[in-house]
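**Student:** Sharing a structure here in structure tokens format.
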Amino acid sequence: MRQRRRLALRGARRQVARGREFTREALRDWGWDGCDTAEDALLVVSELVTNANLHADGCHELQLLSGETFRVEVYDGLRELPRLPSGSRPGTPGGHGLQIVRRLADDWGAEAHEHGKVVWAEIDAARLRPEPALRGLDLCRGL
């Protein structure tokens, strides 16, 4: 059964920290915490919310959806879609957040809507579930 959680962040202070804690709680509730892939999911949330703060006047809402995938959706108020920077060099500031999201997530994208856009990322839920034989060891699939 697919579950959805929403966190309103428009105008909120400490959006990245609040988004991470909200996500950590959801992952724990859904039994998807305690593995490297869960930490990757937290980093994806951090990068997407940070990008909304840097490039789109802040995150309006964070939505998390569980099901066959763990889907992160970050809503902001600008319709301009993000694009991966070309030619950014290691060690130079800026342009690396979406590269990190692209590497950690199984899929990602962005869609404009009436009031702005949503930037989303998905991680296959199987990567977040502990292997049955390893349940007590806090290890997850896909490592």
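**Student:** Keeping every protein chain in place, order 70, 22 by accessible area at 1.4 Å, biggest value first, i.e. largest first.
**Tutor:** Values: 70 0, 22 40 Å².
Solvent-accessible surface, decreasing: 22, 70.
**Student:** Which value, in Å² and to the nearest 10, is the accessible area of residue 46 when all protein chains are kept and the probe is 1.4 Å?
**Tutor:** About 10 Å², ignoring ligands and nucleic acids.
**Student:** Name the residues of segment 46-65 whose amide N is less than 15 Å from a point 7 angstrom out from the Cα of residue 28 along the C-beta direction?
**Tutor:** No residue qualifies, since no backbone N sits under 15 Å from the label point.
**Student:** I'd like the accessible area for residue 36, computed on protein heavy atoms only with a 1.4 Å probe and all protein chains in place. Round to 10 Å², please.
**Tutor:** Residue 36 has an accessible surface of roughly 100 Å² with all protein chains in place.
The values are calculated or read from the model by the stated rules, or taken from the named source; none is laboratory data. Everything quoted here is computed from the prediction, not taken from an experiment. No Cβ is skipped: glycine too gets one built from the backbone with ideal geometry, and neighbour counts run over all protein chains shown. Each accessible area value is taken on the protein alone, full model and side chains, heavy atoms only, with ligands, DNA and RNA left out. Shrake-Rupley method; radii C 1.70, N 1.55, O 1.52, S 1.80 Å.
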